[in-house]
Amino acid sequence: MNVISTENAPAAIGPYSQAFEVGNLVITSGQIPVDPATGVAPDGIEAQAHQSCKNVGALLEAAGVSFDKVVKTTCFLADMNDFQTFNSVYEKYFTSKPARSCVAVKTIPKGLLCEIEVIAEK
């Protein structure tokens, strides 16, 4: 197992790693929509979805893979009423249409609106 980390995605806010490479898989922790340079999350689901996707992309890049290698995503929304807007952003990044679960949760860390975790093929 190899730990994947990058300063181009938010640092872990707890006792976990940003991502791991295991065999031919890259498995990321959930990426919240926080700009790693400023520590600030943008307002609104559209901007937050973009930032979460950018953070996923930074981890994929650090692992030497790209969005087209993602085979599974799990997406968490604070409000399922944001589903359509979230999807309109998500589909711009995950163009290969990986398998996906998308659920509404009671809360997301820091009161944010979305979080995305992925599994990619190396």
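Read the figures in this text as sums done on the coordinates, not as results from a lab. Here the structure is a predicted model, which means the values were calculated and not measured. Please note: Cβ atoms are built from the backbone with ideal geometry, for glycine as well, and neighbour counts cover all protein chains shown.
Some observations on this one:
- Candidate lysines - alpha carbon under 19 Å from LYS110, same-chain residues fewer than 8 apart omitted: LYS54
- For the chain, the longest principal axis of the alpha carbon atoms and the long axis of helix 83-93 meet at an angle near 30°.
- Listed by chain and number, the aspartates and glutamates whose alpha-carbon sits under 17 Å from that of LYS97, ignoring those within fewer than 8 places in the same chain, are ASP68, GLU117, GLU121.
- A Cβ-based charge dipole, computed about the Cα centre of the chain with Lys and Arg at +1 and Asp and Glu at -1, lands at about 260 debye.
- Calculated FRET efficiency for the pair SER88/LYS54, C-beta based, R₀ 22 Å, to 0.05: 0.90
- Dipole of the chain [Lys/Arg +1, Asp/Glu -1 at C-beta], most positive-end residue of VAL26, LEU113, GLY64: VAL26
- Structure remark: mean-square fluctuation, Gaussian network model of the chain, C-alpha springs under 10 Å; the largest value among ALA19, ALA58, ALA37 belongs to ALA37.
- Counted charge near LYS54, where neighbours are those whose Cβ lies closer than 12 Å (Asp, Glu -1; Lys, Arg +1): -1
- Peptides 61-69, 43-51, 27-35, 80-88 ordered by average Cβ neighbours within 10 Å, highest first: 27-35, 43-51, 61-69, 80-88
- Answer label, with Kirkwood radius over Cα pairs in Å calculated from the coordinates and candidates (1) 16.4; (2) 14.1; (3) 15.3: (2)
- Relative to the longest principal axis of the Cα atoms of the chain, helix 45-62 runs at roughly 0 degrees.
- Within-11-Å neighbourhood charge of THR74 [Cβ basis; K, R +1; D, E -1]: 0
- Approximating the spin labels as points 7 Å out from Cα along Cα→Cβ, the ILE13-to-SER66 distance works out to 3.1 nm.
- Theoretical gain in end-to-end length, ASN2 to ASP79 [0.36 nm per residue, Cα-Cα removed]: 24.3 nm
- Judged by the ratio a/c of the largest to the smallest principal axis of the C-alpha gyration tensor, region 48-102 counts as prolate, that ratio being 1.5 or greater while a/b is larger than b/c.
- Net +/- balance of residues flanking LYS122 in space, Cβ distance below 15 Å, scoring K and R +1, D and E -1: -2
- Rounded Å value of the spacing that divides the Cα centres of region 52-93 and region 1-22: 16 Å
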